Amino acid sequence: MSSPQIGFDKDRMRAWLPPTIVALLFAAAVWIFHRELRAVHYRELREALGALTAEHLLLALLFTAANYCVLSGYDQLAFRHVGRNIARWRIALTAAVSYALSNSIGFAVLSGTAVRHRFYSRWGVPAADLARIVVFNSVTYWLGLLALAGWSLAFQPHAYLGGGLVQTGVRGLGGICLALAGAYLMLSVVRRAPFRVRGFEMRVPGPALALGQLLVSMADWALAAAVLHALLPEGGPSYGVLLGAFLAAQVLGLVSHVPGGLGVFEGTMLLMLGPYLPAERIIAALLLFRLIYYLIPLTLALLLLLGDELRNRRAPLMRLGQSLTRVSVQLAPKVLAVFTFMAGVLLLISGATPAEHERLRWLAQVLPVAVFEASHFLGSLVGVGLLVLAQAVSRRIRLAYYLALAALLAGIAASLLKAADWEEALLLALLLLAFAPSRSFFDRRAALFDTRFSPGWIMAIVTAFGATVWLGIFAFRHVEYSNELWWQVALNHDAPRFMRASLGAAVALLGFGLWRLMRPPAHSAALPTDAALADAARVIDVQTYTLPQLAYLRDKALLFNSDRTAFVMYGVHGRTWAALGDPAGPPSAAPGLIQAFVELADDHGGVPVFYQVRPSQLSMYAELGMSFAKLGEEARVPLQGFSLAGSRHKALRSIMNRLAREEVSFRIVEAAEVPAVLPQLKAVSDDWLSGKSAGEKGFSLGFFDVAYLSRQSIAVMEQGGRIVAFANLLCGASAEELSIDLMRFASTAPKGAMDGLFAHLFRWGRERGYRWFNLGMAPLSGLEVSPVSTAWMRLGKVIYRHGEAFYNFEGLRAYKEKFHPVWEPRYIAYPGKAPLFLVLADIAALSAGGYLRIFR
């Protein structure tokens, strides 16, 4: 069912390259930290934090609140641009939650858009306008950045850039930024025609709205920088200098794709503000900036999302929001995963830094030193556990939910016992309270670590652990190393505790990695057992369309829903996980099965696709963010009223008359009688294959299999008592659809034998009340090319017209057309980032049994 994919190494390199670059950028930031802090003592950093007054903190909080109010202006202007009217408070609340998530999690187009889709769709905003809002906000975001960066670079002196030619070049860069911002304003005056890209249309805002974009974005960036400026001590850089450094650091953070620019932003700011302030003062301000501007809004946004979900579940009247709830189910666990990861980092940082000795002495009056040692060691182990668990939390695995609760409880206990660290315990308790009502989100019963760890996750875990170890080395670098430190146990010996805890955490992390490496190979699609096929048969028996009956071929894996009333049949080739058709079963089960299949494929590093999707089902795939491409059209002949009389079927009537003269007869061999004719069927099949110089196919095409053919009736054409042509019948429930799968004819069969077989079947189906006869799909037919067509549509049209060497595309369409069918489009649903051509190549190889067999 699976085979190595050509170019696998290239795919692996492509998967590892982005997280590796991110890790290198983060490592560069840590190196900058290490260089700049080599003369700084950990005690000085704590003193710098303590030197910040309540006035500094209050001012930073006020600037943060003002900034998030201004951020709502992005969406307010966007709604004015698209011409939609929604209550301003709703827009402001949605925008604040969106930016709180995207600022911290990163990937604003995904995280922020998911929140907007959840709320705005509920209030009647269509998907096209939502896309325009996202584009409008992105332009607004960069417009203010260009304007402020241009002003700062062109008119503010920057000591960290030196002088002479460098300053001149920087001023020139500032002029370019200002020119770009001005060009956009000029465009709003002179451009009236909308931009069109692949059918998506976007109008250019008018001058007043464009000016509003500029002012709102400038205010946003200015207030964000003001938050950090409020946390700096007196005598630091001027606001103009800080603003230039802040903008440069933010851009580098965005380019790095590290969530929130973590580490990259801080390293850049430390480097640029070094000439103005001592390093410990800068670090103290940056730590509080992270807390006030990122962590507090993120926590409030999470609580609001959870509260909104609970309110929706208690409101039965909000039936319209059921599809939107699935967006929340996807988003909330990912946010909880971010907090779980942060909790792990918090415990590791706590284990890498000195404890409050006054609290230790107080605890020593009631607890033995062994308790401090054990709880310190346990806290670091729990921290590593939370780093690893975060991946399973993001995938909504039920066991991960309970383990996270247990780990948080253990972390709270360790924090209180090792040094009465109530602040740390309080933060963990808040996360525990956020987890507690979220059990319904974790509905996947997959094994905890059957899922893959993507390169991004691996890099994140290793980087986070490495950063905390570096922090411990920085905190205790005044302690001279000796082997005896490992064995020293005393109340005031923080460095040995750090060494033992870090070693334990590293061993645990290494052990987990080795266990993963020694595990069995990745998942392969398991063929259905007799019991699974029996369950599938109960589902198939009530399906009105016939495609699910290809499950009887037993060459595809079956994924059932929890009560086994619906299934998806799929195959795996390379990284492509291809589901054949829409889920079989009741319509209410389809969305959950689609989501389960997508998650299963993603768990194992696969690319989930759905092949031959009906147009009526596309919305279910769209809700998961999948893209579509037209595969071709399916031919369905209406049977009610079908007749060979008249001029429409004159040619077919002539063939029937000739076959009758040649004494070629038609009959249906019932399933119970099929074993008796199997030798004749096998002879016809072998003759047909040898004449075509072809091998058996699979997946979406039937092949000669005794068990498969014995399940259904067979339509045969006989001459002289011998079968000369046959086709197996697929009969849908409720007499809705009749179809065939495997059709073969002998080289001695009279000309037109298959045409006669179809004509007899049309009449046979009509007499038994069937409404449609499905002739199957004509690949690549019906693809229309226009100025906005995708590259796939253009390529598909060329292959359809000139690809006779590989497949008779036009001939197949013409053959089916003579039966005057109704043509219905069929699609492939796939992740938009996946290369469609390679996905289709994998599906072709899946059908043929390998890449080489495609051309045999």
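The values are calculated or read from the model by the stated rules, or taken from the named source; none is laboratory data. Fair warning: this is a prediction, and the values are worked out from it, not measured in the lab. Note that each Cβ is placed from the backbone with ideal geometry, even for glycine, and that neighbours are counted across all protein chains shown. Just so you know, the surface numbers come from the protein's heavy atoms only, side chains and all, with ligands and any DNA or RNA stripped out. Shrake-Rupley method; radii C 1.70, N 1.55, O 1.52, S 1.80 Å.
Selection of helices (runs of 4 or more DSSP H) fully inside the range 454-557 by the criterion of at least 2 residues being basic (K, R) and touching a helix residue (DSSP H, G or I) at 6+ places or on another chain (Cβ under 8 Å) returns 494-518.
The helices (runs of 4 or more DSSP H) found entirely in the range 787-856 that carry 1 or more residues being modelled with pLDDT of 75 or more and open to solvent by less than 30 Å² (accessible area, probe 1.4 Å) are 809-817, 836-848. Among residues of the range 457-478 that are of a type in the set (D, E, K, R), those with a beta-carbon under 9 Å from a residue that is open to solvent by less than 40 Å² (accessible area, probe 1.4 Å) at least six positions away or on a different chain give the pairs R477/Y42. Within the range 496-510, the set of residues being in contact (Cβ under 8 Å) with a residue 40 or more places away in the chain and aliphatic (A, V, I, L, M) comprises A501, A505, A506, A508, L509. Kindly provide the set of residues from the range 479-494 that are in contact (Cβ under 8 Å) with a residue 40 or more places away in the chain and either buried (at least 17 other Cβ atoms within 10 Å of the Cβ) or within 17 Å of T353 (Cβ to Cβ) (or both), ordered by number. Correct list: L491, N492, D494. Restrict the check to the range 666-686 and report whether at least one residue is touching a helix residue (DSSP H, G or I) at 6+ places or on another chain (Cβ under 6 Å), open to solvent by 30 Å² or more (accessible area, probe 1.4 Å) and within 15 Å of A725 (Cβ to Cβ). The answer is yes, given that some residue of the range 666-686 is touching a helix residue (DSSP H, G or I) at 6+ places or on another chain (Cβ under 6 Å), open to solvent by 30 Å² or more (accessible area, probe 1.4 Å) and within 15 Å of A725 (Cβ to Cβ). Checking each residue in the range 714-740 for being among the small types (G, A, S), assigned to a loop (DSSP other than H, G, I, E, B) and surrounded by fewer than 19 Cβ atoms within 10 Å (Cβ to Cβ) picks out G720, G721. Might you let me know whether the range 741-759 holds any residue that is open to solvent by 50 Å² or more (accessible area, probe 1.4 Å), polar (S, T, N, Q) and modelled with pLDDT of 85 or more? For the range 741-759, residues open to solvent by 50 Å² or more (accessible area, probe 1.4 Å), polar (S, T, N, Q) and modelled with pLDDT of 85 or more: present. Mind counting the residues in the range 382-437 that are in contact with an Asp or Glu (Cβ under 9 Å, 6 or more places away or on another chain), free of Cβ contacts under 8 Å to residues at least 24 places away in the same chain and hydroxyl-bearing (S, T, Y)? Residues that pass the stated criteria total 0.
Do the conditions hold for S685, that is, is it on the phi < 0 side of the Ramachandran plot, modelled with pLDDT under 90 and either assigned to a loop (DSSP other than H, G, I, E, B) or small (G, A, S) (or both)?
No, not satisfied.
Among the residues of the range 561-582, not one is surrounded by fewer than 19 Cβ atoms within 10 Å (Cβ to Cβ) and either assigned to a strand (DSSP E or B) or touching a strand residue (DSSP E or B) at 6+ places or on another chain (Cβ under 6 Å) (or both).
In the range 745-771, the residues that are assigned to a helix (DSSP H, G or I) reach residues that are modelled with pLDDT of 90 or more and surrounded by fewer than 16 Cβ atoms within 10 Å (Cβ to Cβ) with C-beta atoms within less than 8 angstrom, at least six apart or across chains, in these pairs: W764/I668. Return yes or no: is F476 at pLDDT below 80, open to solvent by less than 40 Å² (accessible area, probe 1.4 Å) and among the aromatic types (F, W, Y)? Here the answer is yes, as F476 does meet what is asked. All of (1) surrounded by fewer than 19 Cβ atoms within 10 Å (Cβ to Cβ); (2) at pLDDT below 80 hold for L405 with one exception: (2).
Quick test for you: out of Y545, Y552, pick the one residue that is open to solvent by 10 Å² or more (accessible area, probe 1.4 Å) and touching a Lys or Arg at 6+ places or on another chain (Cβ under 7 Å).
None of the others qualify; the one that does is Y552.
Per the conditions (1) among the small types (G, A, S); (2) under 12 Å from the mean Cα position of the chain (by Cα); (3) open to solvent by 10 Å² or more (accessible area, probe 1.4 Å), the sole criterion not satisfied by S619 is (2). Look through the range 595-632, keep the residues that are among the small types (G, A, S) and part of a helix (DSSP H, G or I), and return whichever of them is nearest to L547 (Cα to Cα). In this case the residue turns out to be S616. Residues of the range 362-386 that are surrounded by 15 or more Cβ atoms within 10 Å (Cβ to Cβ), within 30 Å of A400 (Cα to Cα) and hydrophobic (A, V, I, L, M, F, W, C): F372, F377, L378, L381, V382, V384, L386.
Applying the condition of being within 18 Å of A727 (Cβ to Cβ) and touching a strand residue (DSSP E or B) at 6+ places or on another chain (Cβ under 9 Å) to the range 648-665 and asking which residue is surrounded by the most Cβ atoms within 10 Å (Cβ to Cβ) yields L659.
Y294 meets each of the listed conditions (1) at pLDDT below 80; (2) closer than 20 Å to L62 by Cα; (3) among the hydroxyl-bearing types (S, T, Y) apart from (1). If you go through the range 722-780 and keep only what is touching a helix residue (DSSP H, G or I) at 6+ places or on another chain (Cβ under 8 Å), among the charged types (D, E, K, R) and farther than 18 Å from S665 by Cβ, you end up with D741, R768, R771. Of P591, P586, all but one fail to be touching a Ser or Thr at 6+ places or on another chain (Cβ under 8 Å), free of Cβ contacts under 8 Å to residues at least 40 places away in the same chain and either crowded, with 24+ Cβ neighbours inside 10 Å or under 21 Å from D443 (Cα atoms) (or both); the exception is P586.
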